[in-house]
Every structure is written in structure tokens, then in C-alpha cells.
Amino acid sequence: MDEMTKNNRVTIAGRIATVSEYSHEVFGEKFYKMNVEVERTSGSTDVIPVIVSERFGILGPLGKFVQISGQYRSHNVHTEDGNRLELNVFASEIEIPERYIDKNKIELDGFICKPPTYRKTPLGREIADLMLAVNRQYGKSDYIPCILWGRNARFVSGLDVGSRLKIEGRIQSREYTKQISETESEIRVAYEVSAFAAVMKEGV
């Protein structure tokens, strides 16, 4: 496993929620997009987009349990509203578990590329948002939004842009309302890494 792969590792397990649809093609290899539902211990569900190569064949049917390992990747999408960051799990391995399991684990090793935003909820809970740039092969980088809580939020709030950080957590989805105009709004979905551990690392 090369260093770039170690920088960005994710494994999720859950139910196939949507039929695979064509996404794009690279050097003659076709890629497809689908959603996987992963339950939280709280009982709520994260719906996580996944990109799979045609070499895995057609995955299904809906509701089938799958375990997917790979990397969490970002891509800038140009829309009428401007640029939007799209996040997907890029599958490198797919397994069919013998029994149902819920798994959602991600490890990232990257660099803070925007000043962290620290705040408190009305109940006094500490939260910090940050954007982590994770190096990929061929000189590319993935930009992953992360949210941290409590002492981890306090810790990262004092770090500078360019600090190297290792994060462990889970991918989560959340709905929010986007105001389109004075009379129009729409429900959208945001994705981020909810971190339960953050450690500062040395080096570049």
C-alpha cells in the first residue's frame, strides 16, 4: 500500500439504497454511482454516495448488504449557483458480508487548508469545522470538510493553516434548506467527516 493510499482510508457497510447510474469514464473504464445507507447507533441513517468501477459488475438488488473499502474523494462541480464540492467514496474493494453489519470508519492524514471555525451550541457544546486537504496520486488533493466536538474542537481551533493533522471518524450526511430566492427554497444534503480523534503530525 503506497503512502497516498494510507493518507485516506475508508470502510463502510450497509444497504444499497439506489440503482447504479453512469457517472463518468476514464481511459475507457466506466464508473457508476450509487448510494449506500449506513445506520448509526442512534438509529438514524447516513446516505453515502459511492463510485464503483464497471469491473465490479452490477451491484444489487436494492437492500443488499455490502461492505466497501476505498478512499473519500472530492470533486468540484460547476452549477448555476457556482462551484459545489461533491464527495464520494471511491471503491477499491467490495465484499458481501455473511451477516448484516453497520460499519462506517474513515482515517485521513492531511493539512488544514482554511482557518478552523470554532463555536458553541446554545447548550454550550463545543464544535469546530475545518477543511482538510489530503494528498492523492499524480499531484492531486481531496478537500474533506470535517467537524469535531468537545476537546478535539478546542484543540484544532488553535491550529494554523498548513498544520498536518490525522483524523479518525465517520462519514455523515445531513439535510439542510438552501434558500434559492425570496419565495423558493430546496432541501439539499451535505456530507462531512464527524471526527472522534484528531492528532497533530510532524512533517510534510
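Quick note: the coordinates plus some simple rules give every number you see, no bench work behind them. All values derive from a computational prediction rather than experimental measurement. Using ideal geometry, Cβ is built from the backbone for each residue, glycine included, and neighbour counts are taken over all protein chains shown.
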Shape descriptors of segment 23-159 over alpha-carbon atoms, Rg and Dmax in angstrom, are 17.4, 53
Local electrostatic count at residue 96 - Lys and Arg +1, Asp and Glu -1, tallied over other residues with Cβ under 14 Å: +1
Residue 44 and residue 22 label points (each 7 Å along its Cα→Cβ direction) are spaced in nm at 3.7
Using alpha carbons only, what's the Rg to Rh ratio of segment 3-103 with Rh from Kirkwood? 0.98
Highest GNM mean-square fluctuation, the chain, Cα pairs closer than 10 Å: which of 99, 174, 136? 99
Please work out how many pairs of lysine residues in segment 107-201 are eight or more positions apart (or on different chains) and have Cα atoms closer than 18 angstrom. 4
Simple spin-label estimate for residue 99/residue 76, 7 Å along Cα→Cβ, in nm, reads 4.8
Chymotrypsin sites (Phe, Trp or Tyr not before Pro) lying in DSSP loop within segment 57-124, provided at most 14 other Cβ fall within 10 Å: 100
Shape call for segment 107-201, from the Cα gyration tensor axes a ≥ b ≥ c (a/c under 1.5 means rounded, otherwise prolate when a/b beats b/c, else oblate), comes out oblate
Low-density loop cleavage sites - GluC sites (Glu not before Pro) in segment 114-190, where at most 13 other Cβ are within 10 Å (DSSP): 182, 184
Sequence-separation-based contact order of segment 1-67, relative, with Cα cut under 8 Å and 6+ spacing, percent: 36
How much length, in nm to one decimal, is gained on full extension between residue 135 and residue 121, taken as 0.36 nm per residue of separation minus their Cα-Cα distance? 1.8 nm
